[in-house]
Amino acid sequence: MTSPSSSMLPFLLCLLFSLSCVASARPHEDFLQCLSLHSEDSTAISKVIYTPKNTSYSSILHFSIRNPRFNSSELKPFVIVTPTDASHIQAAIHCSQKHKLEIRIRSGGHDFEGLSYTSTVPFVIVDLINLRSITVDATNKTAWVQAGATLGELYYRIAEKSRTLAFPAGSCPTIGVGGHFSGGGYGTISRKYGLASDNVIDAQLIDAKGRILDRESMGEDLFWAIRGGGGQSFGVVIAWRIKLVEVPSKVTVFTAARTLEQNATKLIHRWQYVANQLPEDIIIDVLVGRVNSSEEGKSTIQAAFFSLFLGEVDQLLLLMQESFPELGLAKDECTEMSWIESVIYIGGFPSNASLNVLLDRTPRGPQPSLQFKAKSDYVQEPIPEIAFEGIWKRFFEKDIEVPVFFMIAYGGKMDEISESSTPFPHRAGNRYIFVPVVSWSEETKEVSQRHLAWIRRLYRYMTPYVSKNPREAYVNYRDLDLGVNNLGYTSYKQASIWGRKYFKNNFDRLVRVKTEVDPTNFFRNEQSIPPLSSW
């Protein structure tokens, strides 16, 4: 029997926890000349500029594309800039404004809709891959991390200094911190310590005027907005100062896989009542997928319950017996290890993998080239068993390659932090986030449309069982089905439809901050925060 926890988990966690240019040659040359003139070192910036004429252009463009669905995007970037210095970003901002080009900021490439490297109008990519330095101060339990670093690189550098310090962020090591932090960023210890953005204590941002601002000079309103208000809405964050958290020297992990024949439906149903009520030292999440049955030629549904507990195995077993005895967790399903080893375990690497795998920016997994479409919902009341049975029928539909969904537990610290403390709106009252994902391998329009239609039908089916008024979604799991701004033509009224649904009570404050810092709406994308000047 093929288990999603062992075969697909690495690939799927990376989903959770990341017209050819037809302009004339003259504007192209003018833009490049502008970059040279407005850089402190024209020789240095020439080494980080890639146009379609460069032999490395294609490899640079495709290296950080994490959803192959967008590999064939017809409109390619005018120029890719991979800055090694803040002045390169300042030049790119100035010249993009002058020559009326859109700008896309890419830190890891895990954007679900490819918005960090695609556009419908002529555009420029500023790829932060070279801005990835990390400085850890273990004594004061803080670190500076540049926005182009990945979570894996951050975890590795923390572990170099201390095995009892950590940071509450995502489980996929190839995610870039720039986009992850700006949308919130949750992970295996968020029930204990909150989101990544809750643990940001300073930042360096380049605004639309090209100014480099820190927390003091940008002011508390803008500092509030960038910690959960969504990437590329307020400027280019080039570095974050974060507060590290303490973890025990020994933690315990487990993965317990149960099929329909082993009562998976009832276990999932029961999990909904337990997961957000558990002590904050533990998180139990669920990955549900279709697998081969022990009966030849047939399939079944398997739920893989995977967990991190900030303590030793005997404590965990006692806790599980008290709180979730129905799972029947056995000691041989559990493993004690250090926190940094748990990062490797949950990331799906082999048990004997060295920490160096965290430095590899290339996604791992059995099928990293799968195209995918994901959605997200927040669940506030337990979903009935009969509703899950309806999902199973959809999972068994023919011609759907890899349907799965995640159930990620909230509660704990997530309930304690005020909804107004940052723009992240999903606090108290949410039991878990429900994340369906469908993946496929064949790169034809017909196959893509079939899978996209399937997940949209599933989304409609879930309507009665998830949050309402508004129906919530996670901004880091970008979903253009929720609404698309027509760049340059969308009114405030139109753009606010999506923003107000997502950010709720924080929306008006975000719009005010956006208006003050970027009144011309230079930093924008299909689901950006609109400024009041658009009204």
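Using a 1.4 angstrom probe on the protein heavy atoms only, line up Lys298, Lys413 by accessible area, largest first. If you can, show how the numbers build up before the last one.
Working: Lys298 110, Lys413 70 Å².
Result of the area sort, largest leading: Lys298, Lys413.
Could you work out how far the C-alpha centroid of the range 375-449 sits from that of the range 60-77, in angstrom?
The range 375-449 and the range 60-77 have Cα centres spaced 26 Å from each other.
With all pairs of different alpha carbon atoms counted, what Kirkwood hydrodynamic radius in Å does the range 361-426 show? Present the calculation step by step, with values, prior to reporting the outcome.
Values: mean 1/r = 0.0632 Å⁻¹.
The Cα-based Kirkwood calculation yields 15.8 Å.
Short version: ³J(HN,Hα) in whole Hz for each residue of the range 375-389, in order, from phi by Karplus 6.51 cos²θ - 1.76 cosθ + 1.60 (θ = phi - 60°), x for Gly and Pro, what are they?
Rounded to whole hertz, the list is 9, 8, 9, 9, 10, 10, 10, x, 7, x, 4, 4, 5, 5, 4.
Rounded, prolate or oblate: which fits the range 222-326, taking a ≥ b ≥ c as square roots of the Cα gyration tensor eigenvalues, rounded meaning a/c under 1.5, else prolate when a/b beats b/c?
Details: a/c = 2.68, a/b = 1.57, b/c = 1.71.
Taking the square roots of the gyration eigenvalues as a ≥ b ≥ c, the range 222-326 is oblate.
Can you give the accessible area of Leu458, probe radius 1.4 Å, in Å² rounded to 10?
Probe radius 1.4 Å; accessible area of Leu458 about 0 Å².
Sort the following peptides by mean Cβ neighbour count (other Cβ atoms within 10 Å, averaged over residues), highest first: 316-323, 111-118.
On the way: 316-323: 16.4, 111-118: 23.5.
Highest-to-lowest ranking by the protection proxy: 111-118, 316-323.
Once ligands and nucleic acids are excluded and a 1.4 Å probe is used, how much of Lys493 is accessible, expressed in Å² to the nearest 10?
Surface open to solvent at Lys493 totals about 150 Å².
Given axes a ≥ b ≥ c from the Cα gyration tensor, I'd like to know whether the range 203-281 is rounded (a/c under 1.5), prolate (a/b larger than b/c) or oblate.
prolate
Return the carbon/sulfur percentage of the accessible area of the chain, one whole number, probe 1.4 Å, all protein chains in place.
Working: 10050 of 20770 Å².
Within the chain, the accessible surface is 48 percent carbon and sulfur.
Identify the GluC sites (Glu not before Pro) of the range 408-447 meeting these criteria: DSSP loop state and at most 12 other C-beta atoms within 10 Å of the C-beta.
Passing both the DSSP loop test and the Cβ count: Glu442.
Which shape class, rounded, prolate or oblate, goes with the range 343-461 when its Cα gyration tensor gives a ≥ b ≥ c as root eigenvalues, a/c under 1.5 marks rounded, and past that a/b bigger than b/c marks prolate?
It comes out oblate by the Cα gyration axes.
Check cross-link reach from Lys141 to the aspartates and glutamates: straight Cα distance under 12 Å, and skip same-chain residues fewer than eight apart.
Glu246
Averaged per residue, what accessible surface does the chain expose to a 1.4 Å probe, in Å²?
Per residue, the chain has an accessible area of 39 Å².
What per residue convex hull volume, in Å³, comes out for the range 237-298 when only alpha-carbon positions are used?
Taking the convex hull of the Cα positions in the range 237-298, it is 196 Å³ per residue.
Quick query: amide H of Arg104 versus all other amide H atoms, modeled in the peptide plane; which residues come in under 5 Å with a sequence gap of 5 or more or a different chain?
Val124, Ile125, Val126
If the only charges are +1 at each Lys and Arg Cβ and -1 at each Asp and Glu Cβ, what is the size of the charge dipole of the chain around the Cα centre, to the nearest 20 debye?
It comes to approximately 1180 debye.
Please work out the FRET efficiency for the pair Asn356 and Lys209, using the Cβ-Cβ distance as r and a Förster radius of 30 Å; give the result to the nearest 0.05.
0.15
Could you give P(r) for the range 65-150, binned at 5 Å from zero, as whole percent values over all Cα-Cα pairs?
3, 14, 21, 21, 16, 12, 6, 4, 2, 1
Just flag the chymotrypsin sites (Phe, Trp or Tyr not before Pro) in the range 446-530 sitting in loop per DSSP whose Cβ has no more than 13 other Cβ atoms within 10 Å.
Tyr489
Compute the signed sum of charges (Lys and Arg +1, Asp and Glu -1) over the other residues within less than 10 Å, Cβ to Cβ, of Phe223. It would help to have the intermediate numbers written out before the result.
Working: positive: Arg215, Arg227; negative: Asp202, Asp214, Glu216, Glu220, Asp221.
So the environment of Phe223 carries a net charge of -3.
Excluding Ser467 itself, calculate the net charge of residues whose Cβ lies under 12 Å from the Cβ of Ser467, where each Lys or Arg counts +1 and each Asp or Glu counts -1. Let's see the in-between values first.
Numbers: positive: Arg431, Lys468, Arg471, Lys501, Lys504; negative: Asp377, Glu381, Glu472.
Once all neighbours under 12 Å are counted, the net charge is +2.
Which aspartates and glutamates, if any, have their Cα less than 13 Å from the Cα of Lys47, not counting same-chain residues under 8 positions apart?
Cross-link targets: Asp85.
The values are calculated or read from the model by the stated rules, or taken from the named source; none is laboratory data. If you're wondering where the values come from, they're calculated on a predicted model, not measured in any experiment. Methodologically, a virtual Cβ is constructed for each residue, glycine included, from the backbone with ideal geometry; neighbour enumeration extends over all protein chains shown. Note: accessible area is taken over every heavy atom of the protein model, side chains too, but ligands, DNA and RNA are not part of it. Shrake-Rupley method; radii C 1.70, N 1.55, O 1.52, S 1.80 Å.
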